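Step one of this worksheet: look at the structure below.
The values are calculated or read from the model by the stated rules, or taken from the named source; none is laboratory data. Since we're looking at a predicted model, the values are computed, not measured. Cβ atoms come from the backbone with ideal geometry, glycine included; neighbour counts cover every protein chain shown. SASA here: full protein model, heavy atoms, side chains in, ligands and nucleic acids out. Shrake-Rupley method; radii C 1.70, N 1.55, O 1.52, S 1.80 Å.
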Amino acid sequence: TSSYGGGVNFAYPISEQEAVSFGVSGEQTKLGLSTDSPARLQTFASQFGSNYAYLYTNLGWGRDTRDSALWTTRGIVRRANLELAPVGDLNYYRATLESSWYYSFNRDLTLMMRGEFGVSNGLGNKPLPFFKNLYAGGIGSVRGYRTASLGPRDPTDDTSIGGNRRVVGSTELLFPVPGAGLERSLRLSTFIDAGQIYGAGQKLSLGELRYSAGVALAWISPMGPIRISIGNPLNQKPGDRAQRAQFTMGQTF
């Protein structure tokens with residue numbers, strides 16, 4: 001797919017710790033296929049064409065009581081967001097709920113627990129566009145598995161195709177790098193992650209969750225936040241894609 005578009009978004013604080021947001025965007029997407037493209041994409045193009053113009057709105061709410069956005073030791077973050085596309089060639093919605101909780105045992109030791117649930121589907125008897133599917137795996141969801149590799153796979157080429165529901169959770173113990181003294185730009189952690197992607201018609205079973213455990217390093221570098229993790233899948237099953245060493249720059253987890 002190739003896409004271009006634009007939009008306007010507004011955020012309005014309703015207190016020092018809480019805000020709501022609203023936005024409207026438009027997008028033009030072109031689907032490029034070849035004769036050997038997967039059958040599911042050929043079918044989608046035969047039903048809906050290969051050029052799509054659509055509008056979507058974003059509605060959001062958030063509450064943030066953290067003592068620091070980059071170096072959190074205590075507080076709670078809760079967010080809810082709805083993306084709704086009722087106008088145009090594609091009609092769908094995506095909704096997410098996210099919550100993070102931080103508890104400080106002392107100056108050096110912090111417990112973080114995080115959970116997220118997402119759901120997405122088509123509107124007006126139209127299917128969810130495949131490029132709006134939800135994904136999980138990798139830093140930001142379930143470390144130790146390849147990025148966006150969990151969930152349903154295409155039986156013809158064994159590629160990950162995502163799904164319409166996403167469940168992710170994590171428990172992490174954060175502490176300073178030994179010997180770093182009062183240096184606040186480096187932080188180590190041990191973690192246990194869990195998550196899964198479920199396709200349309202697939203039962204949302206917690207027994208299908210994938211788990212991983214490992215260690216991570218966070219560095220607030222001059223170039224931006226950097227995270228390195230070494231994760232080990234705990235219940236890897238045939239077809240899962242493991243990736244124990246992972247790296248990201250420019251975002252926090």
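Key figures for this structure:
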quantity	calculated
Within segment 67-78, tally of residues that are open to solvent by less than 60 Å² (accessible area, probe 1.4 Å) and more than 29 Å from residue 7 (Cα to Cα)	6
In segment 214-234, residue farthest from residue 135 (Cα to Cα) [restricted to those that are surrounded by 16 or more Cβ atoms within 10 Å (Cβ to Cβ) and small (Gly, Ala, Ser)]	218
Search result, residues across segment 198-213 that are over 22 Å from residue 243 (Cα atoms), in contact (Cβ under 8 Å) with a residue 24 or more places away in the chain and open to solvent by less than 60 Å² (accessible area, probe 1.4 Å)	199
Filter result (open to solvent by 70 Å² or more (accessible area, probe 1.4 Å), assigned to a strand (DSSP E or B) and aromatic (Phe, Trp, Tyr)) within segment 95-137	101, 103, 117
First in segment 79-93 and on the phi > 0 side of the Ramachandran plot, second anywhere and part of a strand (DSSP E or B) and open to solvent by 60 Å² or more (accessible area, probe 1.4 Å), Cβ under 8 Å, 6 or more apart	88/55
Unique residue being among the hydroxyl-bearing types (Ser, Thr, Tyr), in contact (Cβ under 8 Å) with a residue 12 or more places away in the chain, loosely packed, with under 14 Cβ neighbours inside 10 Å and in a strand (DSSP E or B) when the list is 21, 25, 3	3
Which listed residue, of 59, 33, is within 30 Å of residue 204 (Cα to Cα) and surrounded by fewer than 16 Cβ atoms within 10 Å (Cβ to Cβ)	59
Within segment 146-193, tally of residues that are without any contact (Cβ under 8 Å) to a residue 60 or more places away in the chain, open to solvent by 20 Å² or more (accessible area, probe 1.4 Å), aliphatic (A, V, I, L, M) and assigned to a strand (DSSP E or B)	4
Check on residue 133, touching a residue at least 12 places away in the same chain (Cβ under 8 Å) and within 25 Å of residue 152 (Cα to Cα)	yes
